[in-house]
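Peer 1: Handing you a structure now.
The values are calculated or read from the model by the stated rules, or taken from the named source; none is laboratory data. For clarity, every value in this text was computed on a predicted model and none was experimentally measured. Cβ placement follows ideal geometry from the backbone for every residue including glycine, while neighbour counts extend to all protein chains displayed. Just the protein is used for accessible areas: all its heavy atoms, side chains included, with ligands, DNA and RNA removed. Shrake-Rupley method; radii C 1.70, N 1.55, O 1.52, S 1.80 Å.
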Amino acid sequence: MYDWLNALPKAELHLHLEGSLEPELLFALAARNQIALPWADVETLRKAYAFNNLQEFLDLYYQGADVLRTEQDFYDLTWAYLQKCKAQNVIHVEPFFDPQTHTDRGIPFEVVLTGIQQALKDGQQQLGISSGLILSFLRHLSEEEAFKTLEQALPFRDAFIAVGLDSSELGHPPSKFERVFAKARSEGLLAVAHAGEEGPPEYIWQALDLLKVSRIDHGVRAAEDPRLIQRLIDEQIPLTVCPLSNTKLKVFEHMGQHNILKLLEMGVKVTVNSDDPAYFGGYVTENFMALHDGLGMSREQAQKLAQNSLDARLC
Ligand code: ADE
Ligand code: ZN
């Protein structure tokens, strides 16, 4: 089954580049940049990947991202991810990056972007993987800081297809970013947002009505609101669902409780994604495999999920 799932042509629409930083590369970049790490070795770091909620993960994820310093580091990070995609027949990617995680540490915006962009270009030319980059704002920071980030990005407007919204969800509703998303859309950028991962269905309504998003990232808590589910079905709004992430972060206690196949059968346009594969135990194929093992996903359902990912591309 793994080989069959692996061979399905797929798109990945919910992937944080910083979340694809494998412990081995993290240690290699720390050595290259002469950074002392609080973990003795790769194994010790891997053992720390046990989370009770989103915030516990984010604390480690931001700490890990500190080894990314140079253009080459961002290139190597992105290139390693694209090679995984090639191995799993992921033919199109729309990855996120979090500029504020880096600019707040004094890394220039241009250093981050140039490294990522060069790898995406090589991915297209050497691996045949098409891509569209999404600039994501950190929602635990202010809207003013998001505006500053957008200003830094606009000279490179053509490098992006969309803006996104991630980081700590509870207490940071989409409404907090209504104006900065309006500005981004006025520049011709599309919009997506994390909503309904840990946050309530209300955050999904806000993402749709206030941020005017084309897709919802996660969105699994929509299941609590029948009117919202009906809207997602009627308007065929894609949800970029991340099964292994959801179980690792205890959104669902185990895969047997995940609602992705129920949503699929109801007619919601759900897709399968890896979110932060280095931290959650797998890339796209491993996420499909987990649905097979934990939920008894059929081949027909897998085909539909893979087709949905191709249909839900922004570019
Ligand atoms: N940043 C990286 N992964 C994330 C997730 N699953 N939710 C919110 N912010 C994130
Ligand atoms: Zn995410």
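Peer 1: Using a probe radius of 1.4 Å on heavy atoms only, what accessible surface per residue do you get for the chain? Whole Å² is fine.
Peer 2: Per residue, the chain has an accessible area of 38 Å².
Peer 1: Also: Normalised by the residues of region 1-158, what does the relative contact order come to in percent, with Cα pairs under 8 Å and at least six apart?
Peer 2: Worked out over region 1-158, it gives 29 percent.
Peer 1: For region 208-290, what does the relative contact order come out to in percent, with C-alpha contacts under 8 Å and a separation of six or more?
Peer 2: The value is 29 percent.
Peer 1: Moving on to the next point. If you look at just the Cα atoms of region 61-200, how large are its Rg and its Dmax in Å?
Peer 2: Considering region 61-200 through its Cα atoms, Rg and Dmax are 15.0, 43 Å.
Peer 1: How much accessible surface area, in Å² rounded to 10, belongs to the heavy atoms of residue 74 with a 1.4 Å probe?
Peer 2: The accessible area of residue 74 comes to roughly 0 Å².
Peer 1: Expressed as a rounded percentage, what relative contact order does region 256-314 have, with Cα pairs under 8 Å and six or more residues apart?
Peer 2: Here the relative contact order equals 39 percent.
Peer 1: Using a Förster distance of 22 Å, how high is the FRET efficiency between residue 63 and residue 262, based on the Cβ-Cβ distance and rounded to 0.05?
Peer 2: It comes to 0.05.
Peer 1: Once neighbouring chains are kept in place and the probe is 1.4 Å, which whole percent of the accessible area of the chain is contributed by carbon and sulfur?
Peer 2: Whole-percent figure for carbon plus sulfur exposure: 49.
Peer 1: Still on this structure: If you bin the C-alpha pair distances of region 161-315 every 5 Å from 0, what whole percents do you get?
Peer 2: 2, 10, 19, 23, 21, 15, 7, 2, 1
Peer 1: Test of understanding: in a Gaussian network model of the chain with alpha carbons linked when under 10 Å, which of 14, 102, 218 would top the mean-square fluctuation ranking?
Peer 2: So, out of 14, 102, 218, the one fluctuating most is 102.
Peer 1: Counting only the heavy atoms of the protein chains, how much of residue 90 is accessible to a 1.4 Å probe, in Å² to the nearest 10?
Peer 2: Near enough 10 Å² of accessible area.
Peer 1: Going highest first, how would you order 26-36, 243-253 by mean Cβ packing within 10 Å?
Peer 2: So the peptides 26-36, 243-253, ranked by packing, come out 243-253, 26-36.
Peer 1: Next question. Charges only on Cβ, +1 for Lys and Arg, -1 for Asp and Glu: so what's the dipole of region 230-315 about the Cα centre, in debye to the nearest 20?
Peer 2: 60 debye
Peer 1: Here is a further query. With the chain treated as a Gaussian network of Cα nodes joined by springs under 10 Å, which of 207, 302, 182 yields the largest mean-square fluctuation?
Peer 2: 182
Peer 1: On to the next question. Can I get the semi-axes of the chain's equivalent ellipsoid? Compute them from the C-alpha gyration tensor as square roots of 5 times the eigenvalues, in angstrom, largest first.
Peer 2: 27, 24, 19
Peer 1: Something else now. Can you sort 194, 140, 254 by solvent-accessible area, 1.4 Å probe, largest first?
Peer 2: Sorted descending by solvent-accessible area, the residues read 254, 140, 194.
Peer 1: Out of 16, 220, 132, whose Cα points farthest toward the positive end of the dipole of the chain (charges: +1 Lys, Arg; -1 Asp, Glu; placed on Cβ)?
Peer 2: Value computed over the given set: 132.
Peer 1: To continue, here is another question. With charges only on Cβ, +1 for K and R and -1 for D and E, what is the dipole size of the chain about its Cα centre, in debye, rounded to 20?
Peer 2: 560 debye
Peer 1: Explain nothing, just the number: dipole magnitude of region 175-241 about its Cα centre with +1 on each Lys and Arg Cβ and -1 on each Asp and Glu Cβ, in debye rounded to the nearest 20.
Peer 2: It comes to approximately 260 debye.
Peer 1: What order, most packed first, do the peptides 271-277, 227-233 have when packing is the mean number of other Cβ atoms within 10 Å of each residue?
Peer 2: 271-277, 227-233
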